[in-house]
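First the structure, in the form of structure tokens, and then the observations on it.
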Amino acid sequence: MTRPQSCRPYRRLPGLLRRRPGRRGGAMVASVLVAALLSPLAGGPGTALADPGAPFVSGVTFPFNGVWLDSVNGGHFWDSSGTGLCRIDPDAAAAGGFSENVGTCDVQAKKPTQAVVGPTNADGTYFVYAADMSSKSGGPVRITYDPAADNGEGRLVAASGTLLGGLNTVGFFSDAAGNFKNSAVALGPCDQTPGALTAGTTCLALYLAFGRSKKIERINNVDKASAAQSIETISKTTDKRKGVRFGLGTFHHAAGTDDLYIDELGGNGVSLLTDIAHCPPSEGSADPSVVNPPINQAGGCSAGVVGGITTNFPQGMAVQNDAQGNGLFLYVADSPRNSGATVLRYHPDSGLQDIVSSSVKPAYDSLLNPGQSVATYTFVLGLAINPHNGDLFIGDDPTFAILVNPPLAKGHIFTIAGVGGIAPADCVGTAATACAVPPPPSVATPALYAYGLTAPKGGVTFVPSDDGGHLWAADHSQGLCRLDTVDKAPGLHAYNPASCDDGAVLGSGGQTAYDDSVVPGTINQHFLYVAQNDHLSPGVIRFTFDPAGAAGSGTLVAGSAVIMAPNAGLNGDKANGLALGPCKPGAPSTCQHALYMGGLLDGYIRRINNPEDDPRVQTVDVVAMTTEQKAGTAGKGINGSMGMIGDNLYLPENQGFTVIRGISGCPTNNQVCGSTPLNIGQFGFVFGSAVGVDPNHGDAGLVYAAISPGAANATVYQYDVATNTSRVYATQGQMPPANSAEATVWCTTTCTRPIDPANPPGGQANFRFAQGILVDPRTEDLGGGTVYLTEDAFAGARGGRGHAWVSPYLPYPAGVTPVPLPPVPGAAPKTCNVTLTIPALAGGQTYWVQFTTHADGQISSTWTIPSPQSAQLLLYAGNPFAGQADPVSTGSKGGSIAAQNSSTTANYSISTAPSIKTAGTYTVQIFNAGKAMGSTTGTVVYANDAASACPASPTAQHLIP
């Protein structure tokens, strides 16, 4: 085996210099760097110049962003891993020549994910600053490093760890919703904004980011005693839902300013804050003596996505500086879950990007799949640079994406040796020609989930149960059935015939909707609503579901099936699609959902206003119509599954895909609402067969849409609501490998049949008559965002020849130019400013107010309390408190769209700005987390259309129409 360039016969570390710290002259370093810069790397775009990543250390667990630490004997790379901060030492017995010295591993930061080192202290030691992403994290940790310890090899000093942030960190590292989990750190300048206590001084700050908070924070005087430190919030991520994953980097310009690069978790890529020293705080102060950090509504800097760094999945970050400390490059890894990772190098001064490396050599046998050869990086987690010679350290771990009990010690650290102080690259970008950058994933290849489906027109539905939950589907032949794992083929699922309904009421099923409200008179039973799609359809059938049945897998309660709203006009429409959504304005406070139904035979959308009630008293409104129905073409409804995001209903129509905005307010002025075409394919020339919605990803949600013209191959699109743009998501699925257990066709959990010659094992399968899409509604750690597609090329033939397919969530690309959606017809909206009279609240009590906006716009709310104490003000789409008392003893709920949590202010203010929210039902929560308080006042401000009067103000009502 050829020895990597970074390894010498005496097994020194890459770049390890047998010297004392500080003895190497800056001129020597500068000369090397100047020579490298004056002699650019040969070749241009597409030229393979770099050595692949060479083995360095194996058997590590989650190697995040480590750090090079000089020592008396030269220096070592220290990795930040699941074992702690560990020194990498020569090891003749290890395959790469080095290994973690477990005797040096330091766990004063319980889960270090990025480490940076400060300047030399007066006594010759250094401070190492480590992010701590553990569930009990108290924020970043400062640890003393002694370069002379351990016979000159250097050690982190035991019990030297100090928690940072000063004496007033309440609300900066956690809140009532939980720990923020500090995921990234970077050193930079202190607050230099005019009037700041630190302005005009030369002092060191630590910049922080978090896995479970959008905040970007700054700790001033981080190398001083705690009493001298102060903490401020200066910005937030560009993604309104997500924080930062394993990487911050400070880039110092020769002009004297410093920029902060941010690895964003939500799919936007790498973002940037410029001139961070002059970012005024939006929360906190540079003065450590300020007891209650102030809130500055005008403070904070806005981050922007760096379009020149072509990744939606950034993980790991390292900045390389020159001898004078000015930034040269930014290294970041493009590390998607579904393919190999690539190390990128970005030049901030020119905006050019290099492709450094995407392969490793020699290839290694997969630690997860023995016999599989791996020659690429898999899930890069961390990057680091040797500041003396430019050696690049790359940490990956193929097991990191395993969310439950991942195997340990399966990761690697690779190196690319610096040449002339710079790591060679596979492709070097130039002003004339950009590198052929691997594009972000734009097409998924779904895997087979289940055989044996017949005309699954409504797709599958996730139904929670005591064992976690299962997919259920209403099948043309089988009825409403649970999909269980096939024991003899654990990669497959199939209908469990013992779980299906008895066939006494339901005919050919369409879409199924799960109601999370508890059935009255039961402990934890729920309703399942199923559209009936045959020509004798009465409309919708309601079943009662017991999540504890079948040993926790969940069962239908025998004899519970009933026809909903009989004689109310639901029959005869061959119901296809169902979606739960907001109650209509003026609905009783007990209303938790309305059920919206679309059918094949006419172009109207109907709403069952009280689906949980006795079917005999349920009322139905005709609320909207399809494009063709509006044009006078009768009998043109929807073709498959539909979906709701907030108050907007997305439909698959004969001419394409549409949305009905603010559907809870329909009809308006006794006129049903029309639908608005979406920018998916070419409206009018495509056949929309199915829709699935994902309200939890993207700035305003994602929609998946299948164009499936009869027996022709279907194309599935991913549509971004915020930009009204779309891309091709999937066109074919991958059949299981030949001779695998999953290659056997399991038509149910107890039935097999011969292989279908049209879809042989190992081949690619087309989607025909794709009429059902589901997006897993749960959180990402439980599979949220996963896309399920159902199709049957022999729809209606009762042959059980259809399939269900599954594909993991892929973020929509960032930086797309929005396409304006036509406005909802009507006069210009007006602003409603409603004063709320809030009753006295005991500690731990919530007062909630539901209101309905009748036009798209920004929403804001304020609340004033007598004196500062712990409290929260939150805003939600919909109403998570529906049916509860008011006030009620409960805390905040997940999914708020605006929130303020503080114990240091008496004036609370939240807003959705700059985001525009669609018309619909919203709820503001006033939560007293401290001592009892008397009556107070607040406000809500929102938009109404010209035809909708603003409510009377002030008001003590908690249901505002």
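If you check every pair at least six apart or on different chains, which have Cβ atoms under 6 Å apart with a residue in region 766-778 that is in the same structural domain as Ala730 (by the TED database) and without any contact (Cβ under 8 Å) to a residue 24 or more places away in the chain first and a residue that is open to solvent by 50 Å² or more (accessible area, probe 1.4 Å) and not charged (D, E, K, R) second?
Matching pairs, first to second residue: none at all.
Which of the residues spanning region 139-165 are surrounded by fewer than 17 Cβ atoms within 10 Å (Cβ to Cβ) and in a loop (DSSP other than H, G, I, E, B)?
Ala148, Val157, Ala158, Ala159
Filter region 765-781 down to the residues that are of a type in the set (S, T, N, Q) and either under 12 Å from the mean Cα position of the chain (by Cα) or crowded, with 20+ Cβ neighbours inside 10 Å (or both) and list them by number. Lay out the reasoning, then the answer.
Taking region 765-781 first, the residues of a type in the set (S, T, N, Q) are 766, 771, 779.
Once the filter is applied, which keeps residues that are of a type in the set (S, T, N, Q) and either under 12 Å from the mean Cα position of the chain (by Cα) or crowded, with 20+ Cβ neighbours inside 10 Å (or both), region 765-781 yields Gln771, Thr779.
Would you check if Lys136 is within 18 Å of Ser80 (Cα to Cα), open to solvent by 40 Å² or more (accessible area, probe 1.4 Å) and assigned by the TED database to the domain that holds Ser81? Reasoning before the result, please.
Working: within 18 Å of Ser80 (Cα to Cα): yes; open to solvent by 40 Å² or more (accessible area, probe 1.4 Å): yes; assigned by the TED database to the domain that holds Ser81: yes.
It is true that Lys136 is within 18 Å of Ser80 (Cα to Cα), open to solvent by 40 Å² or more (accessible area, probe 1.4 Å) and assigned by the TED database to the domain that holds Ser81.
Any residue in region 861-880 that is open to solvent by 40 Å² or more (accessible area, probe 1.4 Å) and under 19 Å from Ser589 (Cα atoms)?
Yes, there is a match, as at least one residue in region 861-880 is open to solvent by 40 Å² or more (accessible area, probe 1.4 Å) and under 19 Å from Ser589 (Cα atoms).
Scan region 181-209 for residues that are hydrophobic (A, V, I, L, M, F, W, C) and under 23 Å from Leu383 (Cβ atoms) and report the count. Step through it out loud before you land on a result.
Step one: of region 181-209, the residues hydrophobic (A, V, I, L, M, F, W, C) are 184-187, 190, 196-197, 199, 203-206, 208-209.
Narrowing further to those that are under 23 Å from Leu383 (Cβ atoms): 184-187, 204-206, 208-209.
Residues in region 181-209 being hydrophobic (A, V, I, L, M, F, W, C) and under 23 Å from Leu383 (Cβ atoms): 9 in total.
Looking at the structure I just gave you, is Ser335 buried (at least 20 other Cβ atoms within 10 Å of the Cβ), free of Cβ contacts under 8 Å to residues at least 40 places away in the same chain, within 25 Å of the chain's Cα centre (by Cα) and in the same structural domain as Asp132 (by the TED database)? Spell out how you get there, then give the answer.
Numbers: buried (at least 20 other Cβ atoms within 10 Å of the Cβ): yes; free of Cβ contacts under 8 Å to residues at least 40 places away in the same chain: no; within 25 Å of the chain's Cα centre (by Cα): yes; in the same structural domain as Asp132 (by the TED database): yes.
Spelling it out, it is not the case that Ser335 is buried (at least 20 other Cβ atoms within 10 Å of the Cβ), free of Cβ contacts under 8 Å to residues at least 40 places away in the same chain, within 25 Å of the chain's Cα centre (by Cα) and in the same structural domain as Asp132 (by the TED database).
Do you know which residues across region 252-276 are under 23 Å from Asn220 (Cβ atoms) and of a type in the set (Val, Ile, Thr)? Explain how you work it out, then say what you get.
Going through region 252-276, the residues under 23 Å from Asn220 (Cβ atoms) turn out to be 252-253, 255-262, 271-276.
Once the filter is applied, which keeps residues that are under 23 Å from Asn220 (Cβ atoms) and of a type in the set (Val, Ile, Thr), region 252-276 yields Thr257, Ile262, Thr274, Ile276.
Only one of Met597, Met625 is in the same structural domain as Leu536 (by the TED database), hydrophobic (A, V, I, L, M, F, W, C), within 36 Å of the chain's Cα centre (by Cα) and open to solvent by less than 30 Å² (accessible area, probe 1.4 Å); which?
Details: Met625 fails: open to solvent by less than 30 Å² (accessible area, probe 1.4 Å).
When all the criteria are applied, what remains is Met597.
Taking the condition among the aliphatic types (A, V, I, L, M), open to solvent by less than 30 Å² (accessible area, probe 1.4 Å), assigned by the TED database to the domain that holds Leu483 and free of Cβ contacts under 8 Å to residues at least 24 places away in the same chain, does Ala743 pass?
Answer is yes for this residue.
With the requirement that a residue be farther than 24 Å from Asp467 by Cβ and not in a loop (DSSP other than H, G, I, E, B), what does region 521-546 give you?
Scanning region 521-546 gives Ala531, Gln532, Val540, Ile541.
Just checking, does region 806-819 include any residue being touching a residue at least 24 places away in the same chain (Cβ under 8 Å) and farther than 30 Å from Gly308 by Cβ?
Step one: of region 806-819, the residues touching a residue at least 24 places away in the same chain (Cβ under 8 Å) are 806-819.
Next, from what is left, pick out any that are farther than 30 Å from Gly308 by Cβ: 806.
Yes.
Limited to region 659-675, what total is found for residues that are part of a strand (DSSP E or B) and either surrounded by fewer than 19 Cβ atoms within 10 Å (Cβ to Cβ) or modelled with pLDDT under 90 (or both)?
So in region 659-675, the residues part of a strand (DSSP E or B) come out as 659-660, 668, 671, 673.
Next, only the ones that are either surrounded by fewer than 19 Cβ atoms within 10 Å (Cβ to Cβ) or modelled with pLDDT under 90 (or both) stay: 668, 671, 673.
Result for region 659-675: 3.
Here is a list: Gly572, Gly559. Which entry is without any contact (Cβ under 8 Å) to a residue 12 or more places away in the chain, open to solvent by 10 Å² or more (accessible area, probe 1.4 Å), of a type in the set (Gly, Ala, Ser) and outside any helix (DSSP H, G or I)?
On the way: Gly572 fails: without any contact (Cβ under 8 Å) to a residue 12 or more places away in the chain.
Exactly one residue qualifies, and that residue is Gly559.
Considering region 547-556 alone, what residues qualify as being outside any strand (DSSP E or B) and open to solvent by 30 Å² or more (accessible area, probe 1.4 Å)? Spell out the reasoning first.
Taking region 547-556 as the starting set, the residues that turn out to be outside any strand (DSSP E or B) are 547-554.
If the condition is that a residue be outside any strand (DSSP E or B) and open to solvent by 30 Å² or more (accessible area, probe 1.4 Å), then Ala548, Ala550, Ala551 are the ones that fit.
Report yes if some residue within region 218-239 is within 22 Å of Leu328 (Cβ to Cβ) and either in a strand (DSSP E or B) or modelled with pLDDT of 95 or more (or both); otherwise report no.
Checked region 218-239: no residue is within 22 Å of Leu328 (Cβ to Cβ) and either in a strand (DSSP E or B) or modelled with pLDDT of 95 or more (or both).
In region 473-520, what residues are basic (Lys, Arg) and closer than 21 Å to Gly799 by Cα? I'd like the intermediate steps shown before the answer.
Initial filter on region 473-520 (basic (Lys, Arg)): 482, 488.
Result: Arg482, single match.
If we scan region 505-515, do we find a residue that is aliphatic (A, V, I, L, M), modelled with pLDDT under 90 and in the same structural domain as Arg778 (by the TED database)?
yes
So which residues in region 722-735 are within 16 Å of Gly802 (Cβ to Cβ) and surrounded by fewer than 21 Cβ atoms within 10 Å (Cβ to Cβ), if there are any at all?
Our first condition is that a residue be within 16 Å of Gly802 (Cβ to Cβ); within region 722-735, this holds for 732-733, 735.
The answer is Gln732, and nothing else.
Which numbered condition in (1) closer than 29 Å to Phe173 by Cβ; (2) surrounded by 24 or more Cβ atoms within 10 Å (Cβ to Cβ) is the only one that Thr61 fails?
Unmet for Thr61, out of (1) closer than 29 Å to Phe173 by Cβ; (2) surrounded by 24 or more Cβ atoms within 10 Å (Cβ to Cβ): (2).
Looking at (1) within 19 Å of Ala913 (Cα to Cα); (2) open to solvent by 30 Å² or more (accessible area, probe 1.4 Å), find the lone condition where Phe313 falls short.
(1)
For region 914-949, enumerate the residues that are open to solvent by 50 Å² or more (accessible area, probe 1.4 Å) and part of a loop (DSSP other than H, G, I, E, B). Talk me through it step by step, then tell me what you get.
Taking region 914-949 first, the residues open to solvent by 50 Å² or more (accessible area, probe 1.4 Å) are 914, 916, 931-932, 935, 937, 946-947, 949.
Result: Pro914, Ile916, Lys931, Ala932, Ser935, Ala946, Ala947, Ala949.
The values are calculated or read from the model by the stated rules, or taken from the named source; none is laboratory data. Since we're looking at a predicted model, the values are computed, not measured. With ideal geometry, Cβ positions are generated from the backbone for all residues, glycine too; neighbour counts draw on all protein chains shown. Calculation scope for accessible area: heavy atoms of the full protein, side chains included, ligands and nucleic acids excluded. Shrake-Rupley method; radii C 1.70, N 1.55, O 1.52, S 1.80 Å.
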